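Take a look at the structure below.
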Amino acid sequence: MGKDRAYNSIMTGLIEAMDDATGKKPLSKRHTVTVEPVKKYGADDVKRIRHSTGMSQTTLASYMGVSNKTVEAWEAGTNHPSGAASRILHMMELDDELITRFPFVTMNPGK
């Protein structure tokens, strides 16, 4: 691409971007997205969620992708879930069926 063509291409892009930003000629729809803050979970919360699912600490650790020691620490209150782990716990708390609807979990009925 020659210098003139490159310059013209860049300028065209900048003009389009300015027109979009100022509302003169919007190029795309805008959506307002609100993300709920990550919920904080204490030891009793983790235990309650785990018990409501019928999972052992080992199974919950495997489900969450963390070590057994991590779940033990959460339930002892020496550490707390954060980030993605808190999001998954929140999803489990909101939806009793969550753990059975995904292919990486198999629930075997008790005998």
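A compact table of results
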quantity: For residue 36: the one exception among (1) surrounded by 12 or more Cβ atoms within 10 Å (Cβ to Cβ); (2) without any contact (Cβ under 8 Å) to a residue 12 or more places away in the chain; calculated: (1)
quantity: Residue in the stretch 40-58 that is free of Cβ contacts under 8 Å to residues at least 24 places away in the same chain and within 19 Å of the chain's Cα centre (by Cα) present; calculated: no
quantity: Subset of the stretch 5-33 [surrounded by 10 or more Cβ atoms within 10 Å (Cβ to Cβ) and among the hydroxyl-bearing types (Ser, Thr, Tyr)]; calculated: 7, 9, 12
quantity: Residue in the stretch 82-96 that is without any contact (Cβ under 8 Å) to a residue 60 or more places away in the chain and farther than 21 Å from residue 35 by Cα present; calculated: yes
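Each reported figure results from applying straightforward, stated rules to the coordinates on display, with no laboratory input. Please read these numbers as outputs of a predicted model, since none were measured by experiment. Glycine gets a Cβ as well: all are built from the backbone with ideal geometry, and neighbour counts include every protein chain shown.
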